[in-house]
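What follows is a single structure, written as structure tokens, with notes after it.
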Amino acid sequence: MRNSPINQVYTVFVRLSDVFRYLDPKVYDTLCQPIFYSPRDTIHVYGGQPDGYTPLKPIVTFERGHTFLAYFEGNTTSKSAEGQLAIQALDKLLHQFGYPVFLEERSLVAVSNNTAMHARSVIKINDVPAHQNRWLLKTWNVDDISVHKQHLMPNCLHTSDE
């Protein structure tokens, strides 16, 4: 973990239970529709689309007993007006319930991506090189490592370079 104390850069966490509790049912239904996509170069997703975008997908996703958001603020979009309005409503709630945390060197935060969202919030940069060197170590738990073997680094136990 590297995050300069000179800079005001926070990691913001949002509990999905808060978002789902206050999300209008019509907006929720829209977010469940496969009408959203993101540019490929802004997210890490295996595979490729010739047009440079993810396939159309819902933002509200159900997987392995969890309901969560497959969403990248400012990048996930929709061609439909209804989809755009749903994104605006979602963004409003994400910002309303976001809790900023300043992560210092040696900080440890364990968050399930199935129950929370996280984002970076840049308030003020006083040291640009330090900000460019900001780094958080992220880990994933997967059910089947074989799907990800092509991304693992040689001679490193289950370490990927994405």
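The values are calculated or read from the model by the stated rules, or taken from the named source; none is laboratory data. Worth saying up front: this structure is predicted, and the values here are computed from it rather than measured. With ideal geometry, Cβ positions are generated from the backbone for all residues, glycine too; neighbour counts draw on all protein chains shown. Note: areas computed on protein heavy atoms with side chains; ligands, DNA, RNA excluded. Shrake-Rupley method; radii C 1.70, N 1.55, O 1.52, S 1.80 Å.
A few remarks follow.
- Using the Karplus relation 6.51 cos²θ - 1.76 cosθ + 1.60 with θ = phi - 60°, the per-residue 3J(HN,Hα) values for the stretch 12-28 come to 9, 10, 10, 6, 5, 4, 5, 4, 5, 5, 9, 6, 4, x, 5, 5, 4 Hz, with x marking Gly and Pro.
- Taking 1.306 mPa s as the viscosity and 10 °C as the temperature, the Stokes-Einstein diffusion coefficient of the chain based on its alpha-carbon Kirkwood radius rounds to 89 µm²/s.
- Accessible area of the chain divided out per residue, in Å², using a probe of 1.4 angstrom: 69 Å²
- Working note: Karplus 6.51/-1.76/1.60 with θ = phi - 60° gives the stretch 31-36 the couplings 5, 7, 7, x, 10, 10 Hz, where Gly and Pro are set to x.
- Residue (of Gln150, Thr77, Leu108) at the positive-pole extreme of the chain, dipole from beta-carbon charges: Leu108
- Local electrostatic count at Val27 - Lys and Arg +1, Asp and Glu -1, tallied over other residues with Cβ under 12 Å: -2
- Bridgeable lysines around Lys92 (alpha carbons under 17 Å apart, same-chain partners fewer than 8 residues away excluded): Lys26.
- Per-pair calculated FRET efficiency, R0 = 41 Å: Thr67 and Asn155 via Cβ, rounded to 0.05: 0.60
- Look at the alpha carbon pairs under 8 Å that are at least 6 residues apart: their mean separation over the length of the chain gives a relative contact order of 40 percent.
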